[in-house]
Amino acid sequence: MFDLVSRLSQYNNLMWSGSLETLYMVAMSLFFAIVLGIPLGVLTTITRSGHILPNKYLNFILDGIINIGRSIPFIILMVAVIPFTRMVVGTSIGTNAAVVPLSLAAIPFMGRVTDNAILEVDNGVIESAQSMGASPSQLVFKVLLPESLPAIILGLTLTAISLVSYSAMAGAIGGGGLGDIAIRYGYQRFQLLIMLETIVILVVMVQVIQRIGNLIADSFDHR
Amino acid sequence: MIRIESLTKVYKAAQGDIEAIKNLNLEVDDGEIFGIIGPSGAGKSTLIRMLNLLEKPTSGSININDINLTELSSVNLREARQKIGMIFQHFNLLSSRTVLRNVAFPLEIAGVSKKKRLKKAKELIDLVGLGDRENAYPAQLSGGQKQRVGIARALANDPDLLLSDEATSSLDPESTKSILELLARIREEMNLTIILITHEMGVIKDICDRVAVIEEGEIIEKGSVFDIFAEPKTPLTKKFISAVIDFNLPPGIVKHLKEERPGEMVRVSFVGEKTHQPYISYLVKHYSVDANILYGNIDEIQGVPFGTLILDLEGDLENVENSIAYLKSEGLNVEVLDNV
Ligand SMILES: Nc1ncnc2c1ncn2[C@@H]1O[C@H](COP(=O)(O)OP(=O)(O)OP(=O)(O)O)[C@@H](O)[C@H]1O
Ligand SMILES: [Mg+2]
């Protein structure tokens, strides 16, 4: 037993830096998912027919972007956008490079999650605000977003968890992080213990993210 | 004053167009509580939702204090809407906001400063009797309390007009009563015009001054609540009234009575001081008929006594007819019940 612990602890540095890299990739892509994905979702919902700013063409385009983004398997997306990644980051290897495909996957994902969350806002509540003379932007910022905040936070949690697993895939093409470690040590050099350890860390990470997400969502939920 | 002219609403549907409101005209006076009643699908919600343009009219105009809402730009319409409060069957409160912030919401939209809007909201919460619940969330309130919040919220911008779309339809009788009392009170205190729609004649009877009965998108009967109760003209109106004042006898009893004796069965309704007059005994003494009281009821509408009697008048035909004529000549409303 002590033997096992001491054998594991010799990789402590490696695991620590791997975990930080994974968290960095997840956090950065989550940031882009919030900044670009949430507006994408909001615009998609409000341009739907019967919603507050119906616009058939814009809705068709936005909904299309989300669907296309969501239908490309991440492993393919990752490879396909390499030229774009090089253009943006200057290289296709490393954590910063991995953030590009991760963000490209997270944005439409978060877009759809936001779209679904906002669609759940009761039409009667929207109408009551309209009857008070609310403008479209007041409707978005004072009604739609606050009313769907718990659902959006849960969606963000879901996105974060997907990003943890995508980031492990990004490791496979030299993205760094825990996935990278698992591939290099666990797969290529067949060091099973390292493989196991990365799995345990990933599982714990996902658990913690879900718990935190639930707690925050609950604190905003007064329904 | 509210003036609705040639208002029409056509919904385009796959199965064909639905004309929900048909060339409707209506005027509502300032300070009045005007009720609109009709069966399901009559177009009540469509009509009231057009009054603040939540629903866009297909044609016609809606004039509030001589401003034609249908011609306003969207910016001006938003401004006009601030002066039209609305309450809803399902309350439609913001679940993410406390009572206080819900009531302050319309003021926030109107750009009133935070200090002012919280002060106003607190006053209104007191007015509707929820003083101790200002920090509760809507989910923590009963239906009646939620509607009080809805009313306080609708009053926040000091509206001239309050629209009520079945505001009491999802409440129990007790809460309904207290909400109606509240509406009557704020009408007095704030000199508000209220237009309410309902499918319950009890609501009309309790607080409305005038009523319009609407069926298939058209007003089929209109008048003071008192006149409508005293002399309903259409079968639909009679049906609505009978839900509140049930003057219909079970058909079996009617048949039985009719078979047995010569004579007529009549329904007599009488109002005001007439409720104190001894008509029946006069009838019996002077027209040699027997008057058998099958049903009697006395109620109060807008503070005036209102009675209904169903009489079985026995005697030969001429006497019975003379006695009916007598009752009519005394200003009573008499209706011969042929085939009830
Ligand atoms: N958005 C819509 N699209 C198509 N038809 C509609 C729409 N809204 C209402 N209608 C139709 O218009 C007619 C009037 O509906 P409305 O909701 O105004 O009736 P209502 O009197 O309020 O009925 P209820 O008492 O059941 O609420 C109905 O035939 C209804 O099916
Ligand atoms: Mg309705």
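Residues in segment A:39-94 that are closer than 16 Å to A:VAL113 by Cβ, hydroxyl-bearing (Ser, Thr, Tyr) and either touching a residue at least 12 places away in the same chain (Cβ under 8 Å) or not in a helix (DSSP H, G or I) (or both): A:THR44, A:THR45. Return yes or no: is B:GLY41 at positive phi and within 16 Å of ligand 2 (Cβ to nearest atom)? Yes, satisfied.
Condition check for A:PRO83 on (1) under 30 Å from B:VAL103 (Cβ atoms); (2) more than 14 Å from every other protein chain (Cβ to nearest Cβ): one failure, at (1). Could you check segment B:71-100 and list, in sequence order, the residues that are at the interface with another protein chain (Cβ under 10 Å from one of its Cβ atoms), among the charged types (D, E, K, R) and either in contact (Cβ under 8 Å) with a residue 60 or more places away in the chain or not in a loop (DSSP other than H, G, I, E, B) (or both)? Passing the criteria: B:ARG78, B:GLU79, B:ARG81, B:LYS83.
Only residues that are more than 16 Å from ligand 1 (Cβ to nearest atom) and in contact (Cβ under 8 Å) with a residue 60 or more places away in the chain were counted in segment B:195-221, giving 5.
Taking the condition assigned by TED's automatic domain parsing to the domain that holds B:ILE195, away from ligand 1 (no atom under 16 Å from the Cβ) and among the aliphatic types (A, V, I, L, M), does B:ILE48 pass? No.
In the set (1) over 15 Å from the mean Cα position of the chain (by Cα); (2) more than 16 Å from ligand 2 (Cβ to nearest atom), B:VAL28 fails one condition alone, (1).
This table checks each residue for (1) within 11 Å of chain B (Cβ to nearest Cβ); (2) at pLDDT 95 or above.
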{"residue": "A:VAL79", "(1), (2)": "no, no"}
{"residue": "A:MET87", "(1), (2)": "no, no"}
{"residue": "A:GLY111", "(1), (2)": "no, yes"}
{"residue": "A:ILE118", "(1), (2)": "no, yes"}
{"residue": "A:GLN138", "(1), (2)": "yes, yes"}
{"residue": "A:VAL143", "(1), (2)": "yes, yes"}
{"residue": "A:SER148", "(1), (2)": "yes, yes"}
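For segment B:51-74, the condition of being within 22 Å of B:SER169 (Cα to Cα) and either surrounded by fewer than 21 Cβ atoms within 10 Å (Cβ to Cβ) or assigned by TED's automatic domain parsing to the domain that holds B:GLN302 (or both) holds for at least one residue.
The values are calculated or read from the model by the stated rules, or taken from the named source; none is laboratory data. All values reported here derive from a predicted model rather than from experimental measurement. So basically every Cβ, Gly included, is an ideal-geometry build from the backbone, and we count neighbours across all protein chains shown.
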